[in-house]
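**Q** Here you go, one structure.
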Amino acid sequence: QHRPTGQPTTNTATHDSAFLRACRREEVPHTPVWFMRQAGRSLPEYLKVREGVPMLESCTRPELITEITMQPVRRHKVDAAVYFSDIVVPLRAIGIDLDIKPGVGPVIADPVRTRADLDRLRPLTPDDVPYVTEAVGLLTAELGATPLIGFAGAPFTLASYLIEGGPSRTYERTKAMMYGEPDLWSDLVDRLAAITGAFLKVQIEAGASAVQLFDSWAGALAPDDYRRYVMPASSKVFAEAAPYGVPRIHFGVGTGELLGLMGEAGADVVGVDWRVPLDEAARRVGPGKALQGNLDPAVLFAPREAVEAKAAAALEAASGLEGHVFNLGHGVMPATDPDALTRLVEFVHERTAR
Ligand code: CP3
């Protein structure tokens, strides 16, 4: 299949998929389901192909990316694939010295803390990530009608890793820069917005039919601070993706107080965690947007009946929504029984079949 660059390439069957229809708030044959972190350590077949291959290296091998991305689609029959990568991949691609430490997360060798450090955040071009273009091409060929979701980390969440040097619970250095050196902060998040926007464009131009912006840790912020220090940069990212017309999803954890603003930033679909029921989330987000969520991933450790009762409650809360994509409220935990996920997909499909 020939894919001219500069044009979205979603075919008709993909365009009519339940997932993309729900994102566009159209009628659906059933509520579509996918899971954040659906590829990964919960799957034995993932552990097998990852043996001896470091995480970041696996993200640069098109065949391996394709195999890992396909694994949960084959096994769970989810309604969308999510491109296998990590939010720090574009930073690594422009030369930032970082690693992903098992059980820890991204670790940055030289954190970004001064104006001079900003020079390391040069713009990203498609030539920096040829493996992404290649892998997305392989994937869209193999996926057929199943849509591929591309993704990237949002400026705030990426900035928090770069400034803290690794994962944080308190974001003290990040907030110190945000409040104490607002000009440096805004230059930093603007550079990250450009990198993230370019990275999403690479995925869309190669054939991704939706994108998700992960601002996983934005829930650490009060609404006024989010609006002032973060939303302008995230809006720039969404504006970059806007001309392609693919649905744009925006997700964070603990963002109940930010849901309206995260929609306003430019999302078509707002991700919701389990702390806010979906009907209440819809009131906070307002009309004209679909919602994604929101089963607590820890619920999957409970017996089947309990999982189904919680999933049914989420579907009930979603019954009046304009568009709903079923998902967890955060990523699949590594110790999750994969069969529990497969059963959950089946349950949602059967329960919502129209
Ligand atoms: O198939 C998919 O679902 C895509 C998988 C995916 C990964 N990273 C692969 C990964 C996605 C969507 C991400 C995004 C990501 N990475 C986010 C946003 C999503 C979220 O959970 O909020 C964040 C915050 C990161 C940063 C990061 N990378 C963390 C916190 C970790 C976990 C560290 C650990 O070992 O517990 C990673 C590593 C990572 N990214 C793994 C995977 C499969 C585990 C590493 C491995 O398998 O060896």
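**Q** Test each condition in (1) among the charged types (D, E, K, R); (2) in contact with a helix residue (DSSP H, G or I) (Cβ under 9 Å, 6 or more places away or on another chain); (3) in contact (Cβ under 8 Å) with a residue 40 or more places away in the chain for Glu308 and report the one that comes out false.
**A** Among (1) among the charged types (D, E, K, R); (2) in contact with a helix residue (DSSP H, G or I) (Cβ under 9 Å, 6 or more places away or on another chain); (3) in contact (Cβ under 8 Å) with a residue 40 or more places away in the chain, Glu308 violates only (3).
**Q** Which condition from (1) assigned to a loop (DSSP other than H, G, I, E, B); (2) under 20 Å from the mean Cα position of the chain (by Cα); (3) surrounded by fewer than 21 Cβ atoms within 10 Å (Cβ to Cβ) is the one that Asp79 breaks?
**A** In the conditions (1) assigned to a loop (DSSP other than H, G, I, E, B); (2) under 20 Å from the mean Cα position of the chain (by Cα); (3) surrounded by fewer than 21 Cβ atoms within 10 Å (Cβ to Cβ), Asp79 misses (3) alone.
**Q** Next up: Please verify whether Ile100 is within 17 Å of Gly153 (Cβ to Cβ), within 8 Å of the ligand (Cβ to nearest atom), over 16 Å from the mean Cα position of the chain (by Cα) and not in a helix (DSSP H, G or I), treating the condition exactly as stated.
**A** So Ile100 fits the description; yes.
**Q** Okay, next question. Output the number of the condition that Val73 fails; it satisfies all remaining conditions of (1) more than 12 Å from the ligand (Cβ to nearest atom); (2) surrounded by 19 or more Cβ atoms within 10 Å (Cβ to Cβ); (3) not basic (Lys, Arg).
**A** Result: Val73 fails condition (1) only.
**Q** Follow-up question, since we're still on this one. Please enumerate the residues belonging to segment 66-87 that are farther than 18 Å from Leu20 by Cα and small (Gly, Ala, Ser).
**A** Of everything in segment 66-87, just one residue is farther than 18 Å from Leu20 by Cα and small (Gly, Ala, Ser), namely Ser85.
**Q** Also, quick follow-up: Could you please give the count of residues in segment 169-206 that are surrounded by 21 or more Cβ atoms within 10 Å (Cβ to Cβ), among the aromatic types (Phe, Trp, Tyr) and touching a Phe, Trp or Tyr at 6+ places or on another chain (Cβ under 8 Å)?
**A** 1
**Q** OK, next. List pairs: first residue in segment 208-234 and farther than 16 Å from Phe251 by Cα and modelled with pLDDT of 95 or more, second residue away from the ligand (no atom under 16 Å from the Cβ) and in a helix (DSSP H, G or I) anywhere in the structure, Cβ distance under 6 angstrom, at least six positions apart or on different chains.
**A** Sorted first by the residue in segment 208-234, then by its partner, the pairs are Ser209/Thr14; Tyr229/Met178.
**Q** Identify all residues within segment 133-176 that are more than 25 Å from Leu200 (Cβ to Cβ) and either of a type in the set (A, V, I, L, M) or modelled with pLDDT under 95 (or both); write none if there are none.
**A** Residue satisfying the conditions is Ala176 alone.
**Q** Next question. Out of (1) farther than 30 Å from Leu20 by Cα; (2) out of contact with any Pro (no Cβ under 7 Å at 6 or more places or on another chain), what's the single condition that is false for Ala154?
**A** Going through (1) farther than 30 Å from Leu20 by Cα; (2) out of contact with any Pro (no Cβ under 7 Å at 6 or more places or on another chain) one by one, Ala154 breaks only (1).
Residue-by-condition table, conditions (1) over 30 Å from Leu98 (Cβ atoms); (2) in contact (Cβ under 8 Å) with a residue 60 or more places away in the chain:
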residue	(1), (2)
His15	yes, yes
Arg25	yes, yes
Val28	yes, yes
Thr31	yes, yes
Arg37	no, yes
Arg41	no, yes
Tyr46	no, no
Val49	no, no
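**Q** Looking at (1) within 13 Å of the ligand (Cβ to nearest atom); (2) among the hydroxyl-bearing types (Ser, Thr, Tyr); (3) without any contact (Cβ under 8 Å) to a residue 60 or more places away in the chain, can you tell me which one Thr66 breaks?
**A** Looking at each condition in turn, Thr66 falls short on (3).
**Q** Go through (1) closer than 27 Å to Asp268 by Cα; (2) of a type in the set (A, V, I, L, M); (3) out of contact with any strand residue (DSSP E or B) (no Cβ under 8 Å at 6 or more places or on another chain); (4) within 13 Å of the ligand (Cβ to nearest atom) one by one and return the number of the condition Val28 breaks.
**A** Against the list (1) closer than 27 Å to Asp268 by Cα; (2) of a type in the set (A, V, I, L, M); (3) out of contact with any strand residue (DSSP E or B) (no Cβ under 8 Å at 6 or more places or on another chain); (4) within 13 Å of the ligand (Cβ to nearest atom), Val28 comes up short only on (4).
**Q** Taking segment 319-335 as the search range and keeping residues that are out of contact with any Pro (no Cβ under 9 Å at 6 or more places or on another chain) and more than 16 Å from the ligand (Cβ to nearest atom), which one is nearest to Ile249 (Cα to Cα)?
**A** Gly323
**Q** Which one of the conditions (1) assigned to a loop (DSSP other than H, G, I, E, B); (2) in contact with a Leu (Cβ under 9 Å, 6 or more places away or on another chain) does Ile68 fail to meet, given that it meets all the rest?
**A** Among (1) assigned to a loop (DSSP other than H, G, I, E, B); (2) in contact with a Leu (Cβ under 9 Å, 6 or more places away or on another chain), Ile68 violates only (1).
**Q** Sticking with this one: Would you confirm, using the coordinates I've provided, whether Pro247 is crowded, with 19+ Cβ neighbours inside 10 Å and in contact with a helix residue (DSSP H, G or I) (Cβ under 6 Å, 6 or more places away or on another chain)?
**A** yes
**Q** Can you pull out the residues in segment 33-55 that are within 9 Å of the ligand (Cβ to nearest atom) and assigned to a helix (DSSP H, G or I)?
**A** Result: Tyr46, Leu47, Arg50, Met55.
**Q** Shifting gears a bit: Which of the following residues is more than 16 Å from the ligand (Cβ to nearest atom), β-branched (Val, Ile, Thr) and free of Cβ contacts under 8 Å to residues at least 24 places away in the same chain: Val270, Val276?
**A** Exactly one of Val270, Val276 is more than 16 Å from the ligand (Cβ to nearest atom), β-branched (Val, Ile, Thr) and free of Cβ contacts under 8 Å to residues at least 24 places away in the same chain, namely Val276.
**Q** Under 9 Å between Cβ atoms, at least 6 apart or on separate chains: pull out the pairs that start in segment 332-346 with a residue that is farther than 20 Å from Asp273 by Cβ and end on any residue that is in a loop (DSSP other than H, G, I, E, B) and away from the ligand (no atom under 12 Å from the Cβ).
**A** Taking only residues 6 or more apart or on different chains, the pairs are Thr342/Lys77; Glu346/Lys77.
The values are calculated or read from the model by the stated rules, or taken from the named source; none is laboratory data. In this text, all values refer to a predicted model and were calculated from it rather than measured experimentally. Heads up, the Cβs are rebuilt from the backbone with ideal geometry, glycines too, and the neighbour counts pull from every protein chain shown.
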